[in-house]
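Please read the structure below before turning to the comments.
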Amino acid sequence: MPLSLYQTVKFAITVRQVGEMYGMEPDRHGMVCCPFHSDSDPSMKLNDTYYYCFGCGANGDAIDLTAKLFDLNPRQAAEKLIHDIGLDPDKPPANAIALPPPKRGLTDEQWADIAYCLRVLTDYLDLLHDWRERYKPASPEEPLDERFVEALHMTETIEHLTDCVAFGTPQQKADAAARLLSGSYLLMLEERTDRLALAKCA
């Protein structure tokens with residue numbers, strides 16, 4: 001099967017459309033429960049040209065997703081997609097020009113940086129959400145707990161940082177992760193969250 005046929009398939013259907021065709025139901029952010037590991041909360045992102053699971057690291061394009069879902073090799077997966085979407089392999093799809101040409105993907109190190117940033121940010125965000133409920137004052141006269149105050153001040157900022165790393169193009173996410181890793185803020189968050197978790201278990 002010539003390479004041009006692989007490209008024809010990729011131009012004909014997006015990764016998100018493949019997921020929906022095979023039973024996945026993305027939320028408004030394009031997130032689904034990953035079919036490749038035990039996943040109760042959506043951890044896989046379906047974009048137009050690639051998918052990535054923040055839980056197990058599974059990633060690839062439309063053909064890769066089809067191959068992994070049905071235990072096929074790339075050639076069999078491309079042929080399955082051609083059959084399932086009714087594509088004529090000898091005729092380029094009408095919407096081929098609508099999708100940008102494939103770009104060089106991120107390195108494993110960049111994906112690892114993204115996953116690390118997301119883990120630290122979401123761990124802290126979980127803590128803030130817990131504090132916001134656990135330490136909210138029972139009455140207007142009750143003094144405010146410092147953890148409740150921190151949750152009020154920090155939740156929106158951390159949610160924004162998490163969105164920057166979790167959503168957008170791969171390069172946008174890599175750039176956001178690189179900015180976070182260029183300073184000491186993320187390391188400070190990780191150390192503090194780990195210390196608080198240990199204290200809670202003690």
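For every residue, the table says whether it meets (1) touching a residue at least 40 places away in the same chain (Cβ under 8 Å); (2) open to solvent by less than 60 Å² (accessible area, probe 1.4 Å); (3) over 21 Å from residue 114 (Cβ atoms).
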{"residue": "18", "(1), (2), (3)": "yes, yes, yes"}
{"residue": "25", "(1), (2), (3)": "no, no, yes"}
{"residue": "31", "(1), (2), (3)": "no, yes, no"}
{"residue": "39", "(1), (2), (3)": "no, yes, no"}
{"residue": "42", "(1), (2), (3)": "no, no, no"}
{"residue": "52", "(1), (2), (3)": "yes, yes, no"}
{"residue": "55", "(1), (2), (3)": "no, yes, no"}
{"residue": "64", "(1), (2), (3)": "no, no, no"}
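Of everything listed in (1) farther than 17 Å from residue 167 by Cα; (2) at pLDDT below 85, the single unmet condition for residue 65 is (2). Residues in the stretch 31-77 that are among the hydroxyl-bearing types (Ser, Thr, Tyr) and under 12 Å from residue 15 (Cα atoms): 49, 50, 51, 52, 66.
Scanning the stretch 143-153 finds one or more residues that are more than 20 Å from residue 27 (Cβ to Cβ), free of Cβ contacts under 8 Å to residues at least 40 places away in the same chain, exposed (fewer than 11 other Cβ atoms within 10 Å of the Cβ) and not charged (D, E, K, R). I need the full set of residues from the stretch 121-142 which are outside any loop (DSSP other than H, G, I, E, B) and either open to solvent by 60 Å² or more (accessible area, probe 1.4 Å) or touching a Ser or Thr at 6+ places or on another chain (Cβ under 7 Å) (or both), in order please. Passing the criteria: 121, 122, 123, 124, 125, 126, 127, 128, 129, 132, 133, 134. When residue 86 is tested against the conditions (1) in contact (Cβ under 8 Å) with a residue 12 or more places away in the chain; (2) open to solvent by 20 Å² or more (accessible area, probe 1.4 Å), the lone failure is (1).
The values are calculated or read from the model by the stated rules, or taken from the named source; none is laboratory data. If you're wondering where the values come from, they're calculated on a predicted model, not measured in any experiment. Note that we place each Cβ from the backbone using ideal geometry, even for glycine, and neighbour counts take in every protein chain shown. Note: areas computed on protein heavy atoms with side chains; ligands, DNA, RNA excluded. Shrake-Rupley method; radii C 1.70, N 1.55, O 1.52, S 1.80 Å.
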